[in-house]
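So the structure is just underneath, and the comments pick up after that.
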Amino acid sequence: MPRVRCVVVGNGIPFPVDIGADETAGDLKQQIKKDNPSSIACDAKDLTLFRAFKNGAWLTSDAAKDVTVDDLGDFTMMNPQHLIQGPATFPANIDVNAVDILVLAAVPVVAPPSVASLTSHVPTQLMKYTHSGMNTDNGQDLLARLNVVVKCYVASAVGDQVVEAEPFKWEDSSSDGNDQCTNEERQRQRYRAYVEAHLVAVLKKHKLCVFAVGKGDDILSAAIPGHDILLVGGTDLVILDDLVTKNPSDLHFLPRVKLAIQVKREVDINSTYEAMSQLIALDALAPDYVMVLLTDLTTTWEFLWISDIHPPCIHKMYVATPGDAFQVIRAIVDDDETELELACMERPLKRRKLDEACEDAGDGIRERVQQYYDIQSMLGPDDDMAEALARDIVRCIPQYRAHIEFK
């Protein structure tokens with residue numbers, strides 16, 4: 001029975017295998033696997049055998065140690081169906097017992113733990129939050145995922161500098177014969193007109209309007225760049241370019257949007273988290289600095305904006321009266337600058353973008369691209385991973401965040 005001396009490529013330690021002359025190279029695979037159960041993790045069928053013959057000579061043990069996977073193109077692959085003692089493997093005139101190394105065994109490349117850990121970062125799905133479903137639990141979870149903190153302020157009273165404004169008068173629709181949808185739409189148009197009436201001059205100056213968002217019109221749906229988060233839903237009112245009054249379908253592009261207004265008859269903590277969720281989505285969708293107002297249009301006026309960037313921070317300012325609140329809105333509409341000077345604040349109101357606060361989002365994408373190429377070089381192309389990476393790259397482009405088809 002011939003004794004074939006073998007070396008596993010990359011290992012370099014020779015070992016003998018007893019194999020019958022009338023057995024095949026496939027049988028030799030089985031025997032190599034059987035004799036090396038701990039060092040060869042793959043199945044025997046996945047081994048690839050090569051004749052250790054190059055440049056007219058059989059390899060020595062020392063030369064075999066230096067052979068790498070990249071060198072295997074210089075050697076002849078053994079057909080698993082060919083006999084050991086045959087013209088295509090080891091001809092009869094070769095004394096296999098006298099040759100130093102006869103066979104090189106190549107084990108398939110398996111991703112090491114470090115590469116396997118990289119693949120675990122490829123997102124399989126987005127964490128979805130619905131604005132109208134926000135509460136204390138999922139609101140805190142959203143802020144934690146984004147590493148966002150919240151700071152609260154109470155605005156100073158402005159006094160004589162403010163044009164007085166009466167609170168909005170809510171209708172009592174409990175005894176109304178109309179259905180609920182009709183009542184809600186009528187209320188929406190009433191408070192839209194109320195807000196617009198106090199902003200006529202500044203809206204006209206900048207060719208803006210107060211637009212009532214229809215129920216179910218999810219204009220604030222966006223993926224958050226650098227995070228596996230999808231925010232879904234709409235708001236009640238938006239202040240933006242008045243071209244939407246002529247072409248309402250442009251509402252979804254939020255042209256020159258300044259402010260989203262979430263109107264609640266009763267404001268509670270869940271309403272606050274809903275407004276924060278809307279702010280994060282609006283910031284992702286709009287190229288400019290934006291704010292959100294949460295209000296009952298009577299005694300509660302809470303302005304929210306993204307400010308400090310280390311860490312990213314949502315500032316929430318409580319304004320007590322409608323007159324003071326409308327003065328703040330006029331300042332927001334009238335000024336595109338990062339900092340706003342407000343009479344009700346001792347220091348300028350500083351606005352930032354969440355992208356600026358999360359400066360590492362782009363670096364994370366670059367790192368992911370490099371990781372993909374590293375994995376591809378070892379394991380070959382992976383269509384699912386490439387698709388997931390491409391979708392993440394697109395999410396980082398503001399113009400496309402609202403127009404990705406999420407799976």
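The values are calculated or read from the model by the stated rules, or taken from the named source; none is laboratory data. Note that the coordinates shown come from a computational prediction; the quantities given were computed from them, not determined experimentally. Ideal geometry is used to build each Cβ from the backbone, glycine not excepted, and the neighbour counts take in all protein chains shown.
Condition check: over 15 Å from Thr295 (Cβ atoms) and at pLDDT 95 or above. Does Lys207 satisfy that?
yes
May I ask you to list pairs of residues, at least six apart or on different chains, whose Cβ atoms are under 9 Å apart, with the first in the stretch 233-249 being in the same structural domain as Arg192 (by TED's automatic domain parsing) and the second being assigned to a loop (DSSP other than H, G, I, E, B) and polar (S, T, N, Q)?
Gly233/Ser221; Gly234/Ser221
Here's a check for you: in the stretch 273-325, which residue that is touching a strand residue (DSSP E or B) at 6+ places or on another chain (Cβ under 6 Å) and of a type in the set (Phe, Trp, Tyr) is surrounded by the fewest Cβ atoms within 10 Å (Cβ to Cβ)?
Among those residues, the one meeting the criterion is Tyr318.
Do we find a residue being under 21 Å from the mean Cα position of the chain (by Cα), touching a residue at least 12 places away in the same chain (Cβ under 8 Å) and in a strand (DSSP E or B) anywhere in the stretch 283-292?
No: zero hits.
Residue-wise test of (1) surrounded by 15 or more Cβ atoms within 10 Å (Cβ to Cβ); (2) in a loop (DSSP other than H, G, I, E, B).
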| site | (1), (2) |
| --- | --- |
| Pro16 | no, no |
| Ala21 | no, yes |
| Asp27 | yes, no |
| Gln31 | yes, no |
| Ser38 | no, yes |
| Lys45 | no, no |
| Ala63 | yes, no |
| Val67 | yes, yes |
| Gly73 | no, no |
